[in-house]
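Accompanying notes for the structure given below.
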Amino acid sequence: MATIVVEALLSATLDLLLKKIVAEDFVDFIRSTKLDVALLEKLNVTLLSLQAVLHDAEEKQITNPAVKKWLDLLRDAVFEADDLFDEINTEALQRKVEGEDENQTASTKVLKKLSYRFKMFNRKINSKLQKLVGRLEHLSNQNLGLKGVSSNVWHGTPTSSVVGDESAIYGRDDDKKKLKEFLLAEDVSDCGRKIGVISIVGMGGLGKTTLAKLLYNDHEVKEKFDLRGWAHISKDFDVVTVTKTILQSVTSKRNDTDDLNILQVQLQQSLRSKKFLLVLDDIWYGKYVDCWNNLIDIFSVGEMGSRIIITTRFESVAATMQTFLPVHKLEPPQGDDCWSSLSKYAFPTSNYQQRSNLKTIGREISKKCDGLPLAAIAIGGLLRTKLSQDYWNDVLKSNIWELTNDEVQPSLLLSYHHLPAPLKGCFAYCSIFSKNSILEKKTVIQLWIAEGLVPQPQTEKSWEKVAEEYFDELVSRCLIRQRSIDDLEVNFEMHDLVNDLAMTVSSPYCIRLDEQKPHERVRHLSYNIGEYDSYDKFDHLQGLKSLRTILPLPLHPRFSSYNFVSRKLVYELLPQMKQLHVLSLSNYHNITALPNSIGNLIYLRYLNVSHTSIERLPSETCKLYNLQTLLLSYCYSLTELPKDMGKLVNLRHLDTRGTRLKEIPVQVSKLENLQTLSDFVVSSEDVGLKIADIGKYSHLQGSLCISKLQNLTDPSHAFQAKLMMKKQIDELQLEWSYSTSSQLQSVVLEQLHPSTNLKNLTISGYGGNNFPSWLGGSLFGNMVCLKISDCDNCPRLPPLGQLGNLRKLFIDKMNSVKSIGIELYGSGSPLFQPFPLLETLEFDMMLEWKECNLTGGTSTMFPRLTRLSLRYCPKLKGNIPLGQLSNLKELYIEGMHSVKTLGSEFYGSSNSPLFQPFLSLETLTFRYMKEWEEWKLIGGTSAEFPSLARLSLFYCPKLKGNIPGNHPSLTNYFKRHSISNILPERQSSKNLAISYNMELS
């Protein structure tokens, strides 16, 4: 078939160009110069005529080579126009920022020189415009039979809670049941092999990975295996890379060595004597025979019953890796399963019975999906944008269904084809991220804006809000999907086949250096960061004058490491790339400074040097007037920012978390467009930005940390910060480095009243003797996480039980607190339920805490609590009725030196024989209980710890008597570790020392 090249970046760029021509600032600049206005008007008309036929050309190019060639020429001309507009806008910005100072101080001679430079600029731009308009008019006059269509106005699609939900996959219950039996079955292997391999084979988009995820996260499966790991395997099945990937998965630690022997030894040590489950996802063809034989010897050190799940598109791969377990071939769902998937995503209200006309068409469309769940989901996401019979018929009758292509599914191509122009460019740009990448929403949005893919709104809506709507729309259309929720933060990803589509439609302008060779038309480039990236890696970038993006991946590595890059890249190659919009040097440990030539990259919008050893930014950085995002997080050696930061008039995001800044330059007060100011340092002298200046930033959002509050001497400045008005601040940290006047600090904290929209709050080092009236108020209904630390002068905690949505509560180093009672709840009413949603509660280093009485009233104590940690509360006794926490799954107790006996009070004993303490407890850990002597079991008919799966005891030297090791729920667990019962006289046993004094795992 003909090669499919859909002009994603072309349609998006053309759409944005038309918006730039009529932008108020652009028009004002043109009028103030001697640029040819008539040429610009002619350019606008020509672009409008080309835009009208572009949609038709995108579809006809598939079968008409002449249209394909025409689009190639148009694409180059439009990108040239985009660069030209960038040059004009940057000149206008430079004159605006620098012009006033120059005109005030320059001599007549200098002013004449400036006038000459302006004339030369105008002459150059007019010449370029003349040639460009000629090229575009020629293309517009070509007779290719293209039809003009009016552009659709996109208003967004309705959202639905089902989007991104992969928990329900239709027609796979039997598959899951069968594979789960293989995972849980007792071993009957051939040839004495201990490790069973389960292969899931099927075509792309069939749901292999989703099925593997369901098995991997199944509750019974989790209980069976001591160790689990998940590794996505690239197309090149290289034994070193795969070994390293698996090792990192099971240890959660980055390993930078490429020495195969070292990696294998470390992997063997991690797996030895463990019953493990590994998932090797998406294995392709390659030199897998020798590699697999090498790896299977390593896996054999695991316990009998260990399992490996592989997913692959190729039966030959599965056959090579097969052991005594059969290969499971995944077939396309039958019957109505495909329609069920499609309709779930197509109808936001899930009520398609009232739309019988659409149901009939939808069933016909679902038949064209060939039983592929991914295809059905993608088409469902497309159809939900317009619930009209004509639109659904257009999709049903589209010629794209007739295409055959090994790389791109027609259903996915259709989903892309019907995207509005701005979304096409944003979607295509995501091809710069490698497969299996985590897509952090905020980062993707910042990159889209920096690349000019999102038009600046002319309304009160923020630029970031518009981009967020674009992102949500791609999620709604199932082209981006939710990956996971980690610490209440949602991350996203692209399915492999959707990533393939993005690569196809963005080619040849977006490439990944590790997979494709650069060429002169490349505009956006990413690469996988290495332990040492020598200059040879970037040698092919010489002469790429149009390059706009250099992005090492991952942007947010899961494992911290030391990576190094050649100085020649930073000091020789980068200064040549004058068109760069996005530059990241993040995670390169050897970067201690940026060259002064950084100031020549005048088109730069996004600069990321986070996680480097940079000590200072050159003053030339302040010449980057286009800069929107400056990321300096965790640059631990950075102590100051350039004083002329006020010249960065377009700066919207300044992230300085984890730096050692002593102050914020005064000129930052001029940056009224700031959306992100991650850290504000209150200076000790009358220099730097004042905390009152925070009040100027009406659009601040995300996270804000105000540190060194002990330097604040005037409480009125805290009030002027207007934190209560910062409704888009999600996370706030208020930090004092040491105590000053207790009364002053109390007033300051009272005045730092945040918005009730706040979700996360940290108060650290506060020296007042009471907490502010607003803390713990029921109005803070959005708060989900609260941390209070090092507040040594406060003898009691605030009434936090009124925070109805609080999920996590951390109390640390409150050395004046001696007792905690029901005053923590905030209400004594028997009908009031405190902490209704609290899931995690941690107390740490509470050195004077002696009494805990939270059992007052008739309300349930912490009804949703699943994790409780009590660390180093040496005076606290073990008479807290923790057994009453019916949903508690994880209990961690460490350093409670006053505990000598744990008995009925610890269980929360009841006279009822039906009372069951610790009903849901799965993990129980005791550490450094140096005075603990006796553990009294409650006896009776109720079994202790019916759900317990893991018991850890470390350094409990005086403990005597039986520990519940012979409990029925632990019998099989101890049997696996050759332990019949745990008795104190066996503590010297080598095997028992590992299990008893370290961890039973």
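Overview of values
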{"item": "Members of region 635-663 found to be charged (D, E, K, R), modelled with pLDDT under 95 and under 14 Å from Phe680 (Cβ atoms), listed by number", "result": "Arg657, Lys662, Glu663"}
{"item": "Scope region 481-494; condition open to solvent by 40 Å² or more (accessible area, probe 1.4 Å) and either at pLDDT 85 or above or not hydroxyl-bearing (Ser, Thr, Tyr) (or both); matching residues", "result": "Arg481, Gln482, Arg483, Ile485, Asp486, Asp487, Leu488, Glu489, Val490"}
{"item": "In region 463-480, the residues that are more than 18 Å from the chain's Cα centre (by Cα) and open to solvent by 30 Å² or more (accessible area, probe 1.4 Å)", "result": "Trp463"}
{"item": "Matching entry among Leu569, Leu525 (being open to solvent by less than 20 Å² (accessible area, probe 1.4 Å) and either more than 25 Å from the chain's Cα centre (by Cα) or among the hydroxyl-bearing types (Ser, Thr, Tyr) (or both))", "result": "Leu569"}
{"item": "The listed residue being closer than 30 Å to Gln710 by Cβ and in contact (Cβ under 8 Å) with a residue 24 or more places away in the chain, out of Ile880, Ile788", "result": "Ile788"}
{"item": "Subset of region 304-347 (residues that are aromatic (Phe, Trp, Tyr), assigned to a loop (DSSP other than H, G, I, E, B) and in contact (Cβ under 8 Å) with a residue 60 or more places away in the chain)", "result": "Phe314, Phe324"}
{"item": "Qualifying position, being at pLDDT 95 or above and open to solvent by less than 30 Å² (accessible area, probe 1.4 Å), among Leu574, Leu630", "result": "Leu630"}
{"item": "Residues that are among the aliphatic types (A, V, I, L, M), at pLDDT 70 or above and open to solvent by less than 20 Å² (accessible area, probe 1.4 Å), drawn from region 940-971", "result": "Leu948, Leu951, Leu953, Leu959"}
{"item": "Criterion violated by Glu59 - all others in (1) modelled with pLDDT of 85 or more; (2) open to solvent by 20 Å² or more (accessible area, probe 1.4 Å); (3) closer than 27 Å to Arg521 by Cβ satisfied", "result": "(1)"}
{"item": "Residue that is out of contact with any Leu (no Cβ under 6 Å at 6 or more places or on another chain) and surrounded by fewer than 18 Cβ atoms within 10 Å (Cβ to Cβ), where the choices are Ser678, Ser684", "result": "Ser684"}
{"item": "Only listed residue being small (Gly, Ala, Ser), in a loop (DSSP other than H, G, I, E, B), under 26 Å from the mean Cα position of the chain (by Cα) and surrounded by fewer than 20 Cβ atoms within 10 Å (Cβ to Cβ), chosen from Ser586, Ser546, Ser613", "result": "Ser613"}
{"item": "Residue in region 66-81 that is in contact with a Leu (Cβ under 7 Å, 6 or more places away or on another chain), closer than 30 Å to Met577 by Cβ and either assigned to a loop (DSSP other than H, G, I, E, B) or of a type in the set (Gly, Ala, Ser) (or both) present", "result": "yes"}
{"item": "Residue check for Leu267: farther than 24 Å from Val327 by Cβ and not polar (S, T, N, Q)", "result": "yes"}
{"item": "Unmet criterion (only one of (1) closer than 22 Å to Lys568 by Cα; (2) open to solvent by 10 Å² or more (accessible area, probe 1.4 Å)) for Thr621", "result": "(2)"}
{"item": "Candidates Ser619, Ser678, Ser669, Ser597 - the one that is of a type in the set (Gly, Ala, Ser) and under 30 Å from Ser534 (Cβ atoms)", "result": "Ser597"}
{"item": "Yes/no for Leu277 being crowded, with 18+ Cβ neighbours inside 10 Å, part of a helix (DSSP H, G or I), modelled with pLDDT of 85 or more and out of contact with any Leu (no Cβ under 6 Å at 6 or more places or on another chain)", "result": "no"}
{"item": "Filter result for the condition that a residue is aromatic (Phe, Trp, Tyr) and not in a loop (DSSP other than H, G, I, E, B), over Tyr625, Tyr603, Tyr636, Tyr571", "result": "Tyr571"}
{"item": "When residues of region 12-35 are limited to those that are part of a loop (DSSP other than H, G, I, E, B) and open to solvent by less than 60 Å² (accessible area, probe 1.4 Å), the one nearest to Glu137 (Cα to Cα)", "result": "Leu35"}
{"item": "Filter result for Gln446 (outside any loop (DSSP other than H, G, I, E, B) and under 24 Å from Leu547 (Cα atoms))", "result": "yes"}
{"item": "Some residue of region 93-113 being at pLDDT below 60, open to solvent by less than 80 Å² (accessible area, probe 1.4 Å) and touching a Gly at 6+ places or on another chain (Cβ under 9 Å)", "result": "no"}
{"item": "Residue within region 590-597 that is within 20 Å of the chain's Cα centre (by Cα) and surrounded by 21 or more Cβ atoms within 10 Å (Cβ to Cβ) present", "result": "no"}
{"item": "Spans of helices (runs of 4 or more DSSP H) in region 358-439 with at least 2 residues over 17 Å from Arg477 (Cα atoms) and either touching a helix residue (DSSP H, G or I) at 6+ places or on another chain (Cβ under 9 Å) or open to solvent by 30 Å² or more (accessible area, probe 1.4 Å) (or both)", "result": "389-396"}
{"item": "Hits in region 699-738 (condition: closer than 21 Å to Gly768 by Cα, hydrophobic (A, V, I, L, M, F, W, C) and in a loop (DSSP other than H, G, I, E, B))", "result": "Leu712, Ala721, Trp736"}
{"item": "First in region 354-365 and within 14 Å of Leu342 (Cα to Cα) and free of Cβ contacts under 8 Å to residues at least 24 places away in the same chain, second anywhere and surrounded by 13 or more Cβ atoms within 10 Å (Cβ to Cβ) and not basic (Lys, Arg), Cβ under 6 Å, 6 or more apart", "result": "Lys359/Tyr352"}
{"item": "Scan of region 860-904 for residues that are open to solvent by 10 Å² or more (accessible area, probe 1.4 Å), assigned to a loop (DSSP other than H, G, I, E, B) and within 16 Å of Lys808 (Cα to Cα), ordered by number", "result": "Met861, Phe862, Pro863, Arg864, Thr866, Asn887, Lys889"}
{"item": "Exclusive hit being modelled with pLDDT of 85 or more and of a type in the set (A, V, I, L, M), set Leu183, Leu146, Leu215", "result": "Leu215"}
{"item": "Matching residues, region 65-76, being surrounded by fewer than 17 Cβ atoms within 10 Å (Cβ to Cβ) and either at pLDDT 90 or above or not hydrophobic (A, V, I, L, M, F, W, C) (or both)", "result": "Pro65, Lys69, Asp72, Asp76"}
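For (1) of a type in the set (Phe, Trp, Tyr); (2) open to solvent by 60 Å² or more (accessible area, probe 1.4 Å); (3) farther than 28 Å from His699 by Cβ, each residue gets a yes or a no:
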residue	(1), (2), (3)
Glu735	no, no, no
Tyr738	yes, yes, yes
Gln745	no, no, yes
Leu752	no, no, no
Lys759	no, yes, no
Gly768	no, no, yes
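The values are calculated or read from the model by the stated rules, or taken from the named source; none is laboratory data. The shown structure was predicted, so the numbers you read here are calculated from the model rather than taken from an experiment. No Cβ is skipped: glycine too gets one built from the backbone with ideal geometry, and neighbour counts run over all protein chains shown. Heavy atoms of the whole protein, side chains included, go into the accessibility calculation; ligands, DNA and RNA do not. Shrake-Rupley method; radii C 1.70, N 1.55, O 1.52, S 1.80 Å.
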